[in-house]
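Undergrad: The structure under discussion is supplied below as structure tokens; questions concerning it will follow.
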Amino acid sequence: MNSQKITIAIQKKGRLFDNSKDLLLKSGIKFTTSGEKLLARSSNTNIDILLVRDDDIPSLVSKGVADLGIVGQNVLAEQAATNKQIVAKEILSLGFSKCRLSFAKPLTSKLRSLKNKSIATSYPGLVKKYLVKNNLKSNVIKINGSVELTPYIGIADCICDLISSGATLEANNLIEFKHLMDSQAVLIAKTKFHDIERIDVLNLIRRFEGVINAAESKYVMLNADLSSADKICKLLPGADSPTIIPLQEKSKVAIHALCSEPVFWETMEKLKKNGASSILVMPVEKILN
Ligand code: PRT
Ligand code: ZN
């Protein structure tokens, strides 16, 4: 696909790795990773994959060592809040590793405001920015791991940490009381590309978009009476312009549609109630719009 070499930095191991690797493979970039190797060369495209810690990705991309990177918005935002040299731009939301950065306190705590409190966090840049914006003076303590233990060992009144299922907070008798930001994995890019590079990168982004859109899309096929076709088409979620095909039985048609939104059981039941039968919902592998 590419004439110009493109380098993409992804997390070597951790929460982002499987989905990042999956996205590249589904986008047609073949590569294998082995042991402690930091560089994987794609066997079928002119793409190199750098395998690094997620914290290194924003600076590798900002410096142009990598053209693109996959990282959590939380990491990019934290680094951008504390380091002017982080200039990498977010260009595509990837829809995985979703979480939120929130303030949490012990269940027994009477704390109501963040004013004049001690806050333990691995995100001091974002927390300080939040405090300034809200005109609050507090003590921010940077902690790299086990942030949730700090209120119990007298280090902090509350914490600010990432939450996904909420199980860690629950296990530590903590309760979320203020939301700072939502986060998910994003594709980031360096700020300057040569013209030829830009074309290759845009093609690659289009492939990524195709994979992401396909993951959310479903192909729906059903049969219905011609008289109820209009009503049924309106019920198909995110379907642009369904195909209506005549069937041997003159009063009936087959309706095929690419639905860009999830098709839940409730939708299928509604379709059936409105006269649809033989409803098939199928996964979509790739989309090129
Ligand atoms: O080694 P390296 O530096 O590359 O990885 P890492 O250990 O710094 O990061 P890693 O792999 O743990 O997470 C990578 C990214 O995944 C994060 O930067 C986020 O963008 C995203 N992510 C999504 C999460 C979570 N969900 C998450 N739940 N990162 C961390 N957590 C932690 C959170 O800090 C807390 O300890 O999980 C706990 C809470 O989870 P729940 O499900 O109990 O609420
Ligand atoms: Zn990290």
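Undergrad: Consider residue 28 against the criteria (1) assigned to a loop (DSSP other than H, G, I, E, B); (2) more than 23 Å from the chain's Cα centre (by Cα): it satisfies all of them except one. Which criterion is unmet?
TA: Unmet for residue 28, out of (1) assigned to a loop (DSSP other than H, G, I, E, B); (2) more than 23 Å from the chain's Cα centre (by Cα): (2).
Undergrad: Also: What's the number of the only condition in (1) touching a residue at least 60 places away in the same chain (Cβ under 8 Å); (2) buried (at least 20 other Cβ atoms within 10 Å of the Cβ) that residue 90 fails to meet?
TA: All conditions pass for residue 90, except number (2).
Undergrad: Condition first: in contact with a strand residue (DSSP E or B) (Cβ under 6 Å, 6 or more places away or on another chain) and surrounded by 14 or more Cβ atoms within 10 Å (Cβ to Cβ). Now tell me which residues in the range 274-289 satisfy that.
TA: 275, 276, 279, 281, 284
Undergrad: Filter the range 60-86 for residues that are under 20 Å from residue 47 (Cβ atoms), outside any loop (DSSP other than H, G, I, E, B) and open to solvent by 20 Å² or more (accessible area, probe 1.4 Å); which is nearest to ligand 1 (Cβ to nearest atom)?
TA: 60
Undergrad: Still on this model: Out of (1) in contact (Cβ under 8 Å) with a residue 40 or more places away in the chain; (2) open to solvent by 60 Å² or more (accessible area, probe 1.4 Å), the odd one out for residue 34 is which?
TA: Here residue 34 clears every test but (1).
Undergrad: May I pose another question? Being touching a residue at least 60 places away in the same chain (Cβ under 8 Å), polar (S, T, N, Q) and near ligand 1 (Cβ under 6 Å from one of its atoms) is the filter here, so list the residues in the range 161-191 that pass it.
TA: Correct list: 164, 183.
Undergrad: Out of curiosity, is residue 155 of a type in the set (Val, Ile, Thr), in contact (Cβ under 8 Å) with a residue 12 or more places away in the chain and surrounded by fewer than 16 Cβ atoms within 10 Å (Cβ to Cβ)?
TA: yes
Undergrad: (1) modelled with pLDDT under 95; (2) of a type outside the set (Val, Ile, Thr); (3) open to solvent by less than 70 Å² (accessible area, probe 1.4 Å); (4) within 16 Å of ligand 1 (Cβ to nearest atom): which one isn't true of residue 4, the others all being true?
TA: Answer for residue 4: the failing condition is (4).
Undergrad: Would the range 38-58 turn up any residue that is under 15 Å from residue 11 (Cα atoms), free of Cβ contacts under 8 Å to residues at least 24 places away in the same chain and open to solvent by less than 20 Å² (accessible area, probe 1.4 Å)?
TA: yes
Undergrad: Now for a separate question. Which members of the range 242-273 meet the condition of being among the polar types (S, T, N, Q) and open to solvent by 100 Å² or more (accessible area, probe 1.4 Å)?
TA: Scanning the range 242-273 gives a single hit, 248.
Undergrad: If I ask for residues that are within 16 Å of ligand 1 (Cβ to nearest atom) and modelled with pLDDT under 95, which ones from the range 14-34 would you list?
TA: Within the range 14-34, 33 is the sole residue that qualifies.
The values are calculated or read from the model by the stated rules, or taken from the named source; none is laboratory data. Quick caveat: nothing in here was measured; it's all calculated off a predicted structure. All Cβ positions, even for glycine, are placed from backbone atoms using ideal geometry, and neighbour counts span all protein chains on display. Areas reflect the complete protein model, heavy atoms only, side chains present, ligands, DNA and RNA absent. Shrake-Rupley method; radii C 1.70, N 1.55, O 1.52, S 1.80 Å.
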